[in-house]
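Have a look at the structure below, then the notes.
Bear in mind that the values in this text are calculations on the coordinates, not laboratory data. All values reported here derive from a predicted model rather than from experimental measurement. Note that we place each Cβ from the backbone using ideal geometry, even for glycine, and neighbour counts take in every protein chain shown.
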């Protein structure tokens, strides 16, 4: 497939933005992700924050509504990733210090509606209270409770490990965003723990490090089906259950 030139991409982006604005009537459109911050290629997603009024509550329904307004597209819709929020939601989330939306507004490329967005320098880089962290912790606890329930029921250790990883990942990220950490797309618990240690050396424990390493290894190995992968056993998981809970409790206790 021929690589688009920069001029061709910009012309296509301008045409698409005009179509999005005329069909969906957003108050603002901001591009973010690899097209702005990374090293994109022709298969990179077009990540867009679309600020518009909608009566839809589910994120999936909001995206489908945008696609329906747009009609047929010249390229696969799989290359588009829309985050749709209302103007009121954007203001509220930014006032809470939402790290995801905050980074988009501060560092994204505004395609439409600059006047309807706060100035980047006025967007806080650190939450003023614990609400954002608590959202992460609440999600984390669902996974950690699931791992406990599945473990007690004697279910497949691979599924237990997956919930354990998801719970610790969300707990670590909740703690980190509360410290003003810029949200990164990573599932590596070792890397997240290393960032937490930079904020608080009390997390620099060998048992925490080893458990984060092993659960990341389990998650990476068993997340998708692979040939000739030895089965994960209960003996593999058991040493890390109490340590994972201790780490999660320690992280949450540091957030007021």
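Observations
- Going through [x] 0.93; [y] 1.02; [z] 1.28, the figure that equals Rg/Rh (Cα atoms, Kirkwood Rh) as computed for the structure here is [y].
- Modelled spin labels at residue 58 and residue 145, positioned 7 Å past Cα toward Cβ, are 2.2 nm from each other.
- Placing R0 at 45 angstrom, the Cβ-Cβ distance between residue 204 and residue 22 gives a FRET efficiency of 0.25 after rounding to 0.05.
- If you sort the three axes of the alpha carbon gyration tensor as a ≥ b ≥ c, you get a/c of 1.5 or more for the stretch 6-122 and a/b no higher than b/c, which makes it oblate.
- Relative to the longest principal axis of the Cα atoms of the chain, the long axis of helix 87-96 lies at roughly 40 degrees.
- Here residue 68 and residue 235 are evaluated by their C-beta separation; at R0 = 51 Å the FRET efficiency comes out at 0.50.
- Highest mobility in the GNM of the chain, judged by mean-square fluctuation with C-alpha springs under 10 Å and restricted to 32, 112, 224, is found for 224.
- Among 13, 101, 117: highest mean-square fluctuation, GNM of the chain, C-alpha pairs under 10 Å: 13
- The stretch 38-106: C-alpha gyration tensor shape, a/c 1.5 cut-off, then a/b vs b/c: oblate
- Per-pair calculated FRET efficiency, R0 = 35 Å: residue 197 and residue 43 via Cβ, rounded to 0.05: 0.45
- Label zone (residue 254, point 7 Å along Cα-to-C-beta; backbone nitrogen cut-off 19 Å) within the stretch 160-178: 165-178.
- From helices alone, the chain scores -18500 deg cm²/dmol at 222 nm; the rule is -39500 (n - 2.57) for each run of n ≥ 4 DSSP H residues, then divide by the residue total.
- Tensor-based shape of the stretch 131-253 (alpha-carbon gyration tensor, a/c under 1.5 rounded, otherwise prolate or oblate): prolate
- Span from the the stretch 68-109 Cα centroid across to the the stretch 153-226 one, whole angstrom: 27
- Neighbour-count ranking [beta-carbon atoms within 10 angstrom, fewest first] of 170, 205: 205, 170
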